[in-house]
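Trainee: Would you mind keeping the following structure in view while I ask a few things?
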Amino acid sequence: MVYVTRKTHFNAAHRLHNPNKSDEWNQKTFGDCNHVNWHGHNYVLEVTVAGEPDVDTGYVIDLGRLKKIIQDNVISKCDHRNLNLDVDFLKDINPTSENLVKAFYNELKNDIEKACVEGGKLVSVKLFETERNIAEYRVSI
Ligand code: NI
């Protein structure tokens, strides 16, 4: 099995907030990340596809096609946006890194698996919120 990864970047603002809880709970739980006027991150996104390379092309997925799917489905909607307010597929989602990787996976899966080698699979969506804080949504082969 070969794993192919495309790495991309985007910048976005967000606020961690659970509207079902009190302001006090949110402040205590999320601290500075709950600040009412938002804050930003330079996100790094890694998307990994696994499969047996195609006999004719030698590819698991054409990286140009992977780049375009990530751009169209995630980056163009999130880059320089407010993740709480501006992104249709994140509506009503508290934009923690954990929730973001699950949402990105759902946005990417169908198009990537149509574009990759037969039997290939989107296996990981990994988001670096900072160099040290990372969340990954991973599925088994
Ligand atoms: Ni944050």
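Trainee: What range in the chain is the longest one free of trypsin sites (Lys or Arg not before Pro) that are in a loop by DSSP and have at most 10 other Cβ atoms within 10 angstrom?
Mentor: Values: sites that count: 91, 132.
The segment 1-90 is the longest one with no such site.
Trainee: For the Cα atoms of the chain, what angle does the longest principal axis make with the long axis of helix 97-115, in degrees from 0 to 90, nearest 10?
Mentor: 20 degrees
Trainee: Using a 1.4 Å probe on the protein chains only, how many percent of the accessible area of the stretch 1-139 belongs to carbon and sulfur? Please list the in-between numbers first.
Mentor: Numbers: 3670 of 8180 Å².
That fraction is 45 percent.
Trainee: Between 22, 76, 97, find the one with the highest GNM mean-square fluctuation for the chain; connect C-alpha pairs within less than 10 Å.
Mentor: Result: 22 has the largest fluctuation of those listed.
Trainee: For the stretch 1-118, report the accessible area per residue in Å² (1.4 Å probe, heavy atoms, rounded to an integer).
Mentor: Details: 6940 Å² over 118 residues.
Counting only protein heavy atoms, the per-residue value for the stretch 1-118 is 59 Å².
The values are calculated or read from the model by the stated rules, or taken from the named source; none is laboratory data. Small disclaimer: the values here were computed from a predicted structure and weren't measured. Glycine gets a Cβ as well: all are built from the backbone with ideal geometry, and neighbour counts include every protein chain shown. Ligands, DNA and RNA are stripped out before the accessible areas are found, and what is left, the full protein with its side chains, is counted by its heavy atoms. Shrake-Rupley method; radii C 1.70, N 1.55, O 1.52, S 1.80 Å.
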